[in-house]
Amino acid sequence: MFDRERRNSRRVVILLAEDDPGDQELTRRALQDDVLLVDLQIVDDGEQALDYLHRRGPYSEECRAPTPDLILLDLNMPRINGREVLQHLKRDPELSRIPVVVLTTSQQEADILRSYDLGCNSYIQKPVDIDQFVDAVRQLGKYWFEVVTLPAAVPAL
């Protein structure tokens with residue numbers, strides 16, 4: 001059963017690192033349900049993801065870049081790809097405990113192995129069907145915030 005007290009205490013912050021506007025919108029729609037109060041933060045590439053997480057540039061103020069409770073990470077993004085972002089995150093002691101779910105179109109065994117080797121917490125291939133995609137993202141949100149026990153919120157960086 002979902003902990004309603006936790007739900008009402010604050011919004012869950014999810015950082016979506018995704019360059020495809022269609023997938024950004026589908027993810028936004030999937031997370032707009034009454035079970036989770038989600039503050040979905042979206043960045044378009046790996047460089048923006050790292051700027052967000054380190055509060056650099058346009059993300060320098062905490063209100064513009066709240067620490068995420070979960071990161072949804074596409075592998076194939078411009079500038080800095082998801083593999084490089086994942087590698088950076090898991091090497092940084094201040095960021096390494098944030099769960100990272102790779103959400104990508106890649107079915108390549110090498111991508112799956114590399115992602116887990118770099119420390120991702122889950123690897124999900126994006127369903128092609130819109131309804132299946134929305135359902136997968138909803139299940140993902142429920143799993144990470146209803147089933148899994150996460151450490152207390154990481155203090156602001």
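We did not get these values from a lab; they are worked out from the coordinates using the rules stated. In this text, all values refer to a predicted model and were calculated from it rather than measured experimentally. For neighbour counting, all protein chains shown are included, and Cβ atoms are generated from backbone atoms with ideal geometry for every residue, glycine included.
The table below lists the values:
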{"item": "Mean Cβ neighbour count within 10 Å, used as a protection proxy, ranking 98-105, 119-126 highest first", "result": "98-105, 119-126"}
{"item": "Which of Tyr52, Tyr116 has the fewest Cβ neighbours within 10 Å, and the rest in rising order", "result": "Tyr116, Tyr52"}
{"item": "Shape of the chain, Cα gyration tensor, a/c cut at 1.5", "result": "rounded"}
{"item": "Value of relative contact order over the chain, rounded to a whole percent, pairs C-alpha under 8 Å and six or more apart", "result": "24"}
{"item": "Unit charges on C-beta of K, R, D, E only; dipole of the chain, Debye", "result": "540"}
{"item": "Gain upon complete extension [Arg64, Gln32; 0.36 nm per residue less C-alpha separation]", "result": "9.5 nm"}
